[in-house]
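The values are calculated or read from the model by the stated rules, or taken from the named source; none is laboratory data. Computed from a predicted structure; not experimentally measured. Here the Cβ is made from the backbone with ideal geometry for all residues, glycine too, and neighbour counts use every protein chain on show. Just the protein is used for accessible areas: all its heavy atoms, side chains included, with ligands, DNA and RNA removed. Shrake-Rupley method; radii C 1.70, N 1.55, O 1.52, S 1.80 Å.
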Amino acid sequence: MNLGKNRFVIIIATITAIGGLLFGYDTGVISGAILFIREAFTLSGTAQEIVVSAVLIGAVIGASISGVLADKYGRRIMIILAAIIFGLGAIFTALTPDVYTLIAGRIGVGVAIGMASFIVPLYIAEVAPANIRGALVSLNQLAITVGIVVSYLVNYYFATTGEWRWMLGLAVIPSIILGVGMYFMPPSPRWLYSRGAMDKARSVLERIRMTKNVNDEMKEIRESLICEKECKWGDLLDPVVRPALIVGIGLAIFQQLTGINTVIYYAPTILLFAGLGSAAASILATAGIGVINVLLTIVSILLIDKVGRRPLLLIGLVGMIISLGLLGMAFALPGLSASLGWLAVICLMIYVGSFAIGLGPVFWLMISEIYPLRIRGRAMSIATLANWGFNLLVAITFLSLIQFLGTPGTFWLYSIIGVGAFIFVYALVPETKGKSLEEIEAIWLMGKNPDEIKEKVEK
Ligand code: BGC
């Protein structure tokens, strides 16, 4: 990565990725906080489930409302708005007098997560130069994984005193940094252009590229805006953009249906099933899984602009399919019970590591780069909505699935869905490495089918 020339965009991506940190922190923190919240408000099992999934319901709402707003008011403003909601939500949930306001506050936090989850990658993709776009956008996924680990550590720190209000409230610190930081960031030049502010777009581009020589990029942006009218929802049904929509929604669904959040949200429960008896061992193993998630995301970032998106997706999926199959087997073989706990930990680590190499970062990256500019905000919002909807579905069905299919059956089901994901990626997902957003758009608009696109881009 050429630090000198790209200094400004690296700073922009790093500050913006604090939105990812909040996404990870606020989804991870509840796993520990719920243990004390349920005592504080003497909650039933169902009430606990509602407190835990409130954030996912909010995220579905956030993802569905903010696509239109991001196209209309701009990416930067919407991230500032998300930061404000994150901050208010943290204070509100920390001070909550009863469980009802807690649920309302967590839904609010979820709205901010839903907004940030796609506007952050969208904005970074639109300011990044093509050759390092993969790495910069994936800083968001790295921040998500760091946020998850930080939430585990904060939970661990406050566990002895049970101060769940601090666990929830601490999110106010990154919220302030994100809001203040974004205030100083420039608007997306691509969005400015699409709103008719050509001169402003050029001056932002000159600033962030640190050169006056931006004619080619300006020309590309201009050409991509064949249709300057305001986007309508109907434009999403245009047959030309349909393949991109299918790729985005398919990746969104597979990212969740292959079960990642059963591990992120329920790792200690899974480890308990596996016979890892002591609380200390299960906390340690959970933290280890979180760290593997961070480390393999870094590996992915280093590779993503070199080997490309498709190889990482395919290799990651193979790892997920095999580790899920083995995890199911570990639970199915009673003879192995003595070493079962650690076998399960190893399988979970390979599984999370494989997700972190492929589907984790690549999904968020691809949905930020495959859509034509005029529909980008809305199309990303639909893929994000699908992602959160299926996240919610997996979260609320996991424990029941274990009852109906048994633990081995449940993991085998996720493994089979992984095979479906592999076929989907192999057949339909194009390679976007090294192409400018406008080149990717031009290829879709040529009306090529995804296979041809794949070859075209690989050439
Ligand atoms: C997913 C989240 C998941 C996280 C784990 C993200 O890409 O969208 O649902 O919790 O990765 O690292």
Inset, instruction - Which order do the peptides 304-314, 84-94 take when ranked by the mean count of other beta-carbon atoms within 10 Å per residue, highest first? - result: 84-94, 304-314
Inset, instruction - Any chance you could look up the accessible area of THR145 with a 1.4 Å probe, heavy atoms only, rounded to 10 Å²? - result: 0
Legend entry - All-pairs alpha carbon distance profile, segment 141-216, 5 Å steps from 0, percent: 3, 13, 14, 14, 11, 10, 10, 8, 7, 6, 3, 1
Legend entry - Cβ-Cβ FRET estimate between THR101 and LEU284, R0 fixed at 60 Å, reported to 0.05: 0.95
Inset, instruction - Mind grabbing the accessible area of MET210 for me, 1.4 Å probe, Å², rounded to tens? - result: 90
Inset, instruction - Per DSSP H run of n ≥ 4, the term is -39500 (n - 2.57); total these for the chain, divide by its residue number, and report the mean residue ellipticity at 222 nm rounded to 500 deg cm²/dmol. - result: -27000 deg cm²/dmol
Legend entry - For segment 108-190, accessible area per residue (1.4 Å probe, heavy atoms of protein chains only), Å²: 30
Inset, instruction - Compute the longest continuous run of the chain that contains no exposed GluC sites (Glu not before Pro); treat a site as exposed when its DSSP state is not H, G, I, E or B and it has at most 11 other Cβ atoms within 10 Å. - result: 231-459
Legend entry - Normalised convex hull volume, the chain, alpha-carbon set, Å³ per residue: 130
Legend entry - Cα gyration tensor shape of segment 1-185, rounded if a/c is under 1.5, else prolate or oblate by comparing a/b with b/c: prolate
Legend entry - Distance between segment 370-442 and segment 133-181 - C-alpha centres, whole angstrom: 24
Inset, instruction - Measure up LYS212/LYS306; LYS5/LYS200; LYS72/LYS212; LYS306/LYS435; LYS5/LYS72; LYS219/LYS306 against 24 Å on the Cα-Cα distance and list the ones that go over. - result: LYS212/LYS306; LYS72/LYS212; LYS5/LYS72; LYS219/LYS306
Legend entry - Relative contact order of the chain, pairs being alpha-carbon contacts under 8 Å that are 6 or more residues apart, as %: 23
Inset, instruction - For the chain, with all protein chains present and a 1.4 Å probe, just round the carbon and sulfur fraction of the accessible area to a whole percent. - result: 71
Legend entry - Accessible area in the full protein assembly, largest first, 1.4 Å probe, for ARG165, ARG376: ARG165, ARG376
Legend entry - Cβ-based net charge around LEU139, under 13 Å, with every Lys or Arg adding one and every Asp or Glu removing one: 0
Legend entry - Inverse of mean 1/r across different Cα pairs in segment 235-459, Kirkwood, Å: 18.2
Inset, instruction - Under 10 Å from the Cβ of ILE304, count the other residues' Cβ atoms, weight Lys and Arg +1, Asp and Glu -1, and hand me the total. - result: +3
Inset, instruction - Ignoring everything but the protein chains, give the 1.4 Å probe accessible area of ASP98 in square angstrom, nearest 10. - result: 60
Legend entry - Dipole axis of segment 344-444 (+1 Lys, Arg; -1 Asp, Glu on Cβ), positive-most option in LEU393, PHE424, TRP412: LEU393
Inset, instruction - Multiply the residue gap between VAL240 and ILE416 by 0.36 nm, knock off their C-alpha separation, and tell me the result in nm, one decimal place. - result: 60.3 nm
